[in-house]
Amino acid sequence: MKTLSYYTLAIGTALFFSAAASYSQADTPQKEASLSTAQITQLAEDAYTYGLGPMVYYRLYSEQVIRDTKTQEVNKITHRRKLSGHEERGGQAPNHDTIYSLTWFDVGDEPLVVQIPNYKDRFYGIQLTSMFQDNFQNIGNSMAYGNRDAYHKEYTFMLATQDWQGEVPEGVELVRSPGAIIHFLQRTYVTPNDADDLSLANILQDKHLSVPLSAWNMGVRDAIVHEPRLPNLVEDGELGFLGGLNILLNAYPPANKAEQEYIEQFKAINIGTGKDFDSGSLSAETREALLAGIEQGKKKVDALQKKGLGYTLNGWAFMDDRQGNYGSDYLLRGASVSLGGIVPRPQFNSYTLTFKDKSGELLSGKNNYKIHFNKEEIPQATAFWSLTAYTPDFWLPELEDKRYKLSNLSPGIAYNKDGSL
């Protein structure tokens, strides 16, 4: 077994264009606003904490559907056919309980009809998230809330923008999206080391449909790939983050009115719709002020991540109830998304982490540990819970037996006579 510097233990419960730092749209050259150094620094800090979450998604979007190394196509669901292992690098903190189905949808031109097969008693959960991290819809047969009866059979829904008007096909449920671009992520339970169960799950994956409304109405049931709506993100130089954020806000501003009003302030440093952020034309003083603001923003994010994104109990960090639905808390959004990528709402899929043992020492692969749950302390979940070991950078560790996790569904798990574990 490969020895690691320390482990992270996580309990997961399923409830369930080429563009550089300069992007020009303005007709006149960029001019620095009459701002003090302190004001420029503060605006850069706020732009960083605001933009971190969307920029994480924009990076994923560029990597996954635009660049030569793309692994997905817009409006066509991609299925991962096996459980994640230590060799996987598709997304940090993968679980070893479920296989993944994922893609980016675009409903800006017309709605998209999505059909999910009948999973019967096999757990599945779908997370639909906007580019600005609003986990606006969850679907699944084991959720603790929502239309669970509909999800226990073949389920067909249609994604459309808020302003779309038209006729919804019979037997199809309308789901409104905050914007045109949507990230689709599905988790499907598979019994580890069971080839037959994996094959059955793969058959179900192949029955998924995602078809534009006009084609659906003509009887088409094959996916039709949509061209990426956004230009490729390139973050050049020390101020590449701000340049990239300007690209995003020009190409795809947020739909939320409160968010639109908030980002108006960034136009003072030439970030926003119609603005040209030209880092090469900045004075040395302005450049330093912007860099100082970015650094302050990074420190704020780092401090929140170290403090914890929710609350701590007995050394375990629990998710903030607002995760996946951040409102105007852009700092929490950035800290959460930069740490966990595609973050679900805790009521749908919750993660609890610890890095240390009860003595405050970092967990180490050199040691053995015992975790005890009294009967009333056993994690409560409508589907399953699992305890998973991760490396310090949130990948599965390299283990000879590939036993990455233990769950309430693990074969041979034995409870004590008093119901404890």
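The values are calculated or read from the model by the stated rules, or taken from the named source; none is laboratory data. Keep in mind that what you see is a predicted model, and the values were worked out from it rather than measured. Because the Cβ atoms are built from the backbone with ideal geometry, glycine has one as well, and the counts that use them run over all protein chains shown.
Got a sec? Which of D321, D278, D357 is under 30 Å from N141 (Cα atoms) and either surrounded by fewer than 20 Cβ atoms within 10 Å (Cβ to Cβ) or aromatic (F, W, Y) (or both)? Steps first, please.
Values: D278 fails: under 30 Å from N141 (Cα atoms); D357 fails: under 30 Å from N141 (Cα atoms).
Testing whether each residue is under 30 Å from N141 (Cα atoms) and either surrounded by fewer than 20 Cβ atoms within 10 Å (Cβ to Cβ) or aromatic (F, W, Y) (or both) leaves just D321.
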Inset, instruction - Could you tell me which numbered condition S386 fails, if it satisfies all but one of (1) part of a loop (DSSP other than H, G, I, E, B); (2) touching a Lys or Arg at 6+ places or on another chain (Cβ under 6 Å)? - result: (1)
Legend entry - Hits in segment 333-347 (condition: buried (at least 23 other Cβ atoms within 10 Å of the Cβ) and among the hydroxyl-bearing types (S, T, Y)): S336
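Considering Y119, Y155, Y151, which residue is within 15 Å of I99 (Cα to Cα), hydroxyl-bearing (S, T, Y) and not assigned by TED's automatic domain parsing to the domain that holds S386? Even if it seems obvious, please write down each step before you answer.
Numbers: Y155 fails: within 15 Å of I99 (Cα to Cα); Y151 fails: within 15 Å of I99 (Cα to Cα).
On inspection, the qualifying residue turns out to be Y119.
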Inset, instruction - Look at segment 396-409 and say how many of its residues are touching a Ser or Thr at 6+ places or on another chain (Cβ under 8 Å) and not in a strand (DSSP E or B). - result: 5
Inset, instruction - Sort out for me the helices (runs of 4 or more DSSP H) sitting completely within segment 221-326 that have 2 or more residues that are farther than 16 Å from M55 by Cα. - result: 257-263, 284-307
Inset, instruction - Kindly provide the set of residues from segment 69-106 that are at pLDDT 90 or above, surrounded by fewer than 21 Cβ atoms within 10 Å (Cβ to Cβ) and acidic (D, E), ordered by number. - result: E73
Inset, instruction - Name every residue in segment 353-381 that is of a type in the set (S, T, N, Q) and closer than 16 Å to L304 by Cα, in order of residue number. - result: T354
Inset, instruction - Among the candidates V56, V107, single out the residue that is in contact with a Ser or Thr (Cβ under 9 Å, 6 or more places away or on another chain), farther than 30 Å from L409 by Cβ and not assigned by TED's automatic domain parsing to the domain that holds N256. - result: V107
Inset, instruction - Would you be able to say whether some residue in segment 39-61 is of a type in the set (S, T, N, Q), at pLDDT below 95 and either in a helix (DSSP H, G or I) or surrounded by 21 or more Cβ atoms within 10 Å (Cβ to Cβ) (or both)? - result: no
Inset, instruction - Would you mind telling me which numbered condition in (1) under 28 Å from N256 (Cα atoms); (2) surrounded by fewer than 21 Cβ atoms within 10 Å (Cβ to Cβ) G125 fails? - result: (2)
Inset, instruction - Take Q186 and decide whether it is in contact with a His (Cβ under 7 Å, 6 or more places away or on another chain) and either in the same structural domain as S281 (by TED's automatic domain parsing) or closer than 27 Å to D134 by Cα (or both). - result: no
Inset, instruction - Taking only segment 163-196 into account, find how many residues are closer than 23 Å to Q127 by Cβ, surrounded by fewer than 19 Cβ atoms within 10 Å (Cβ to Cβ) and of a type in the set (D, E, K, R). - result: 2
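If I filter segment 186-208 for residues that are aliphatic (A, V, I, L, M), under 30 Å from L332 (Cα atoms) and within 22 Å of the chain's Cα centre (by Cα), do I get at least one hit? Before you say what the answer is, go through the steps one by one.
First, pick out the residues of segment 186-208 that are aliphatic (A, V, I, L, M): 190, 195, 198, 200-201, 203-204.
Filter once more, keeping what is under 30 Å from L332 (Cα atoms): none.
No, that holds for no residue.
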